Amino acid sequence: MPTDTGTIESLANKEYEWGFVTDIDADALPKGLNEDIIREISRRKDEPEFLLEFRLKAYRHWLTMVPPQWANIKHPPINFQDIIYYSAPKSKKKLASLDEVDPELLRTYAKLGVPLAEQKLLANVAVDAVFDSVSVATTFKAKLAEMGVIFGSFSEAVKTHPELVRKYLGSVVPYSDNFYATLNSAVFSDGSFCFVPKGVRCPMELSTYFRINAKETGQFERTLIIAEEGAYVSYLEGCTAPMRDENQLHAAVVELVALDNAQIKYSTVQNWYPGDKQGKGGIYNFVTKRGKCLGQNSRISWTQVETGSAITWKYPSVILQGDNSIGEFYSVALANNYQQADTGTKMIHIGRNTRSTIVSKGISAGHGQNTYRGLVKVLKGAANARNYTQCDSLLLGDQCGAHTFPYIEMKNTTSRAEHEASTSKIGEDQLFYCKQRGIALEDAVNMIINGFCKEVFKELPMEFAVEAQKLLGVSLEGSVG
Amino acid sequence: MPILEIKDLKAGIAGREILRGVNLTIAPGEVHAIMGPNGSGKSTLAQVLAGRDTYVVTGGEVRLNGRDLLELSPEERACEGLFLAFQYPVEIPGVSTSYFLKAALNAVRKYHGEPELDAMDFLKLMKQKMKLLDMDASFLSRAVNEGFSGGEKKRNEILQMAVLDPKLAILDETDSGLDIDALRIVAGGVNSLRGPDRGILLVTHYQRLLNYIVPDYVHVLRDGQIIKSGDKNLALELEARGYGWLEEPAAAH
Ligand SMILES: Nc1ncnc2c1ncn2[C@@H]1O[C@H](COP(=O)(O)OP(=O)(O)O)[C@@H](O)[C@H]1O
Ligand SMILES: [Mg+2]
């Protein structure tokens with residue numbers, strides 16, 4: 001075991017450098033994808049027949065598909081036969097103390113104000129008794145179970161509530177939806193499942209729990225959240241501290257279903273490895289997230305702060321099926337160095353009096369390319385539908401880019417869509433004004449950017465908003481001045 | 001020791017000299033006014049003193065409390081006690097005035113090794129200073145200068161000055177765009193900040209402001225040089241006669 005921190009640092013960087021780490025252990029299946037692999041995944045997970053059928057249907061369909069080419073991103077072709085699609089959730093080798101952790105990672109944690117105990121957890125250091133994650137998680141779960149809320153891993157839900165999984169899986173994102181979602185449907189590993197029964201207001205952000213459990217997120221995550229009539233849940237995905245992850249390709253699927261008068265708030269803070277300053281390495285994040293406002297007066301909000309990943313391809317969407325339902329999308333996307341973000345939303349208005357709001361804030365720095373891509377589609381029956389879209393771009397420097405592609409399809413004459421857009425540069429006069437008051441350049445940039453993002457941050461749960469602010473600061477460090 | 005000492009300061013933008021040898025000394029407690037026609041270099045002087053890097057200093061020296069000012073960054077100058085009330089205050093969307101001012105105040109305090117003010121103490125200080133300028137508490141939650149009227153912007157500058165308690169305050173055309181009531185309030189704020197340890201440099205185009213803030217000295221800047229200095233009566237003379245009579249060399253002497 002290497003003891004010198006320099007060695008560890010270089011090892012850690014090497015992992016990032018090569019992206020796909022193919023360090024095969026006994027529990028993994030061989031590289032590549034075929035029906036046998038899929039059957040084997042399903043067998044090892046001891047899944048019911050319907051799930052295997054779902055996977056196989058998806059796989060057969062996937063074979064007929066090609067990766068989408070329309071997004072404003074560039075990357076070398078991905079060799080899908082060079083990926084390992086199953087390895088048993090193995091725990092990474094535990095480190096004995098923080099002394100063995102990459103000091104740069106620790107510096108970042110310190111800047112983010114991550115408590116020491118949590119730093120250990122995130123860096124995969126054996127956790128002492130002061131912060132017993134397992135017991136904390138169990139306490140939460142017991143409290144939730146009392147109210148009838150089912151919350152746990154997807155695999156667990158397949159065992160304990162197969163009827164719910166069967167009913168809702170693929171009901172929002174069908175197995176044939178798009179190249180990456182279809183791949184996910186064939187090979188998904190694990191994820192979260194949440195069911196909030198009729199009339200129940202989930203008493204806590206489902207974030208704390210998730211955060212504690214976030215140390216091993218899979219490459220092909222699958223998440224399903226259902227809010228029954230009148231239920232409410234606020235779900236927080238992600239982790240504000242940077243996660244080490246050795247998988248380059250991520251293709252998750254998230255499905256949300258809201259019945260009559262139900263509300264789901266889904267917040268994401270994504271800070272995966274963006275690659276180095278030269279654009280080497282980094283995560284490719286191809287995610288399909290979609291919510292269905294199935295019931296009347298239901299409401300689904302997506303709030304995302306995307307600061308990580310080399311490539312972000314992500315369009316959290318809402319299908320507004322129930323009359324009077326509301327869909328919202330609040331987004332901050334950052335592209336620094338050589339990051340590429342192509343993100344936005346789709347609001348599909350089907351029911352009458354449906355409303356959607358889109359607020360997108362794109363920040364580009366370095367050579368980063370930031371694209372907003374949004375579709376507002378109002379179907380014939382959607383009388384009196386309303387959409388408001390606001391897209392603002394902020395440029396730091398003159399090597400970066402901001403692009404907006406708002407598409408509007410209107411099939412109902414009583415409906416309205418309103419669009420506002422702006423692009424601005426972080427002003428030299430703004431920076432000088434701050435500096436003249438004694439505020440250092442870095443803090444001034446942070447302040448201006450956080451001001452720019454305020455409308456989105458205020459949608460995040462309080463403590464998470466604070467962390468998201470700090471995170472933006474860390475991600476932009478050194479990009480101005 | 002003077003608070004500010006400017007010796008033969010020359011500065012400009014690429015290829016053009018705007019300040020052509022400015023000399024000025026401000027002792028503690030003094031209020032100096034710099035007057036001069038549009039384009040004479042008044043704002044340039046203010047900005048150069050504050051450290052704006054749009055301008056290149058090509059000669060001379062400047063000392064703030066004996067310290068070489070020109071080698072300091074803008075934020076260090078601010079922390080050393082130099083405050084500039086901008087002719088055109090800048091908007092910072094989404095950042096509340098209280099957040100901004102707290103960040104500024106704490107940056108200055110940190111520079112001097114003082115502990116940061118907590119939210120309660122800060123609010124107390126703000127309330128006290130805002131009363132001075134007849135400002136409504138709602139100011140604090142509004143984004144810095146965003147959607148402010150001309151008068152509100154100027155009042156906000158003076159509020160910041162009151163909170164940051166600088167050693168040298170430079171006010172660039174603080175009177176422009178103010179109606180008479182606002183002018184009184186702003187002047188009252190500035191007067192309350194006069195004191196034996198502070199120096200104030202008023203940059204103005206009109207003598208109107210000087211009826212409310214009576215200066216100890218008045219200087220006339222023209223084409224980047226101070227061509228005449230005097231006491232408050234010089235301002236009155238300028239009001240009566242304009243700048244034209246200063247043009248004829250020697251004629252004024
Ligand atoms: N950033 C700049 N770029 C080009 N010219 C400038 C700049 N700043 C000032 N000047 C010029 O310098 C001269 C003095 O300007 P300024 O200092 O604003 O004068 P005042 O404040 O006395 O009206 C003017 O001719 C103005 O056009
Ligand atoms: Mg001027």
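Given axes a ≥ b ≥ c from the Cα gyration tensor, I'd like to know whether the range B:171-251 is rounded (a/c under 1.5), prolate (a/b larger than b/c) or oblate.
Prolate is the answer for the range B:171-251, as a/c is 1.5 or above and a/b outweighs b/c.
What does the buried accessible surface come to for A and B, summed over both chains, with the probe at 1.4 Å? Round to 100 Å².
2000 Å²
Give me the angle, in degrees from 0 to 90, between the Cα long axis of helix B:232-241 and the longest principal axis of the Cα atoms of chain B, rounded to the nearest 10.
That works out to roughly 60 degrees.
Take B:ASP136 and B:ASP8, extend 7 Å from each Cα along the Cα→Cβ direction, and tell me the distance between the two endpoints in nm.
A separation of 5.4 nm, rounded to one decimal place.
Alpha carbon centre of the range B:112-145 versus the range B:7-85: separation in Å?
Answer, in whole Å: 29.
Once you have the Cα-Cα distance between A:ASP398 and A:ARG416, take 0.36 nm times their residue separation minus that, and quote the gain in nm to one decimal.
2.9 nm
To the nearest whole number, what is the average tally of beta carbon atoms from other chains within 10 Å of the beta carbons of peptide B:99-111?
If you average over the peptide's residues, the count of other-chain Cβ atoms is 4.
Which value, in Å², gives the accessible area per residue of the range B:138-253 when a 1.4 Å probe is used on the protein heavy atoms?
The answer is 42 Å² per residue.
Can you give the average number of partner chain beta-carbon atoms within 10 Å of each beta-carbon in peptide A:438-451, as a whole number?
6
For a 23 Å ceiling on Cα separation, which of these pairs sit above it: A:LYS143/A:LYS454; B:LYS10/B:LYS42; A:LYS289/A:LYS470; A:LYS74/A:LYS425; A:LYS470/B:LYS167?
A:LYS143/A:LYS454; A:LYS289/A:LYS470; A:LYS74/A:LYS425; A:LYS470/B:LYS167
Based on the mean of other Cβ atoms within 10 Å per residue, sort peptides A:160-171, A:253-264 so the most packed one is first.
A:253-264, A:160-171
Label points 7 Å out from Cα along the Cβ direction at B:TYR206 and A:ILE78: separation in nm?
So the two model labels end up 6.6 nm from each other.
Send over a whole-number figure in Å² for the accessible area per residue of the range B:83-135, probe 1.4 Å.
Result: 53 Å² per residue.
How many angstrom lie between the C-alpha centres of the range A:347-392 and the range A:176-204?
The distance from the Cα centre of the range A:347-392 to that of the range A:176-204 comes to 23 Å.
Let me know the mean shielding of B:89-98 by other chains, meaning the per-residue number of their Cβ atoms within 10 Å of its Cβ.
Across the residues of B:89-98, the mean count of other-chain Cβ atoms within 10 Å is 6.
I need the peptides A:451-457, B:221-227 ranked by packing, meaning the mean over residues of other C-beta atoms within 10 angstrom, with the highest value on top.
Answer by packing, highest mean first, reads A:451-457, B:221-227.
What is the range A:242-388 by shape, rounded, prolate or oblate, if you read a ≥ b ≥ c off the alpha carbon gyration tensor as root eigenvalues and call it rounded for a/c under 1.5, prolate for a/b larger than b/c, and oblate otherwise?
The shape class here is prolate.
With the crude spin-label approximation of a point 7 Å out along Cα→Cβ, what separation in nm comes out for B:ASP68 versus A:LYS143?
That separation, rounded to one decimal, is 6.1 nm.
Under 19 Å from the Cα of A:LYS411, which lysines turn up, not counting those fewer than eight places away in the same chain?
A:LYS346, A:LYS377, A:LYS380
Given the peptides A:422-430, A:386-394, A:149-157, A:329-337, arrange them by the average over their residues of other C-beta atoms within 10 Å, most packed first.
Highest mean packing first, the order is A:329-337, A:386-394, A:149-157, A:422-430.
Which whole-number percent is the relative contact order of chain B (Cα, under 8 Å, 6+ apart)?
After rounding, I find 28 percent.
Need one word for the range B:51-113: rounded, prolate or oblate. Basis is the Cα gyration tensor (sqrt eigenvalues a ≥ b ≥ c); a/c below 1.5 gives rounded, then a/b vs b/c decides.
oblate
How compact and how long is chain B, expressed as Rg and Dmax of its alpha-carbon atoms in Å?
18.1, 60
Along the Cα-to-C-beta direction of B:ALA27, a point sits 7 Å from the Cα; which residues of the range B:1-15 have their amide N less than 14 Å from that point?
Counting only backbone N, you get B:1-5.
The values are calculated or read from the model by the stated rules, or taken from the named source; none is laboratory data. The model shown is predicted, which means the values in this text are computed figures rather than measured ones. Cβ: placed from backbone, ideal geometry, glycine included. Neighbour counts: every protein chain shown. The area values use the complete protein model at the heavy-atom level, side chains included, leaving out ligands, DNA and RNA. Shrake-Rupley method; radii C 1.70, N 1.55, O 1.52, S 1.80 Å.
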